[in-house]
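No value in this document is a laboratory result; all are computed from the given coordinates. Not measured: the values here are computed from a predicted model. Cβ placement follows ideal geometry from the backbone for every residue including glycine, while neighbour counts extend to all protein chains displayed.
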């Protein structure tokens, strides 16, 4: 569904998703990095645990919420990747 365009000019950034090591390109959003690595489910809904993935990729829909470095409710499409970042699936709503 998603594939990268050729671009060898940007540095490689290493991060993890649910403990799985991934590589992204500097400047990618977390959502783009996950999609480029074949990950399409980012969270589950609060009521029915329905899987959700990114929809708008511009910060409007909130379907791409993830836990980033221990902080829940982060919009993956709005956060740039950084070296060593730990991203986790968000299960339902944020717990305090």
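Would you compute, from DSSP H runs of 4+ residues alone, the mean residue ellipticity of the chain at 222 nm, taking -39500 (n - 2.57) per run and dividing by the full residue count, rounded to the nearest 500? Could the numbers behind the result be given before it?
On the way: 1 runs with 7 residues, N = 96.
Helix-only estimate at 222 nm: -2000 deg cm²/dmol.
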(message) Of all beta bridges DSSP finds with both residues in the chain, what is the antiparallel percent, to the nearest 5?
(response) 75 percent
(message) Tell me whether segment 52-96 comes out rounded, prolate or oblate; compute the Cα gyration tensor, take square roots of the eigenvalues as a ≥ b ≥ c, and use a/c under 1.5 as the rounded threshold.
(response) oblate
(request) Mind checking the full-extension length gain between residue 45 and residue 8? Use 0.36 nm per residue of separation minus the Cα-Cα distance, one decimal, nm. (result) 9.6 nm
(message) Once you place label points 7 Å from the Cα toward the Cβ at residue 91 and residue 62, how far apart are they in nm?
(response) 2.2 nm
(request) Compute the label zone of residue 37 within segment 58-88: residues whose backbone N is under 17 Å from the point 7 Å along Cα-to-Cβ. (result) 64-71, 74-88
(request) At q = 0.16, 0.18, 0.19, 0.22 Å⁻¹, work out log10 I(q)/I(0) for the chain with the Debye formula, treating every Cα as an identical point scatterer and leaving solvent out; two decimals please. (result) -0.60, -0.76, -0.84, -1.12
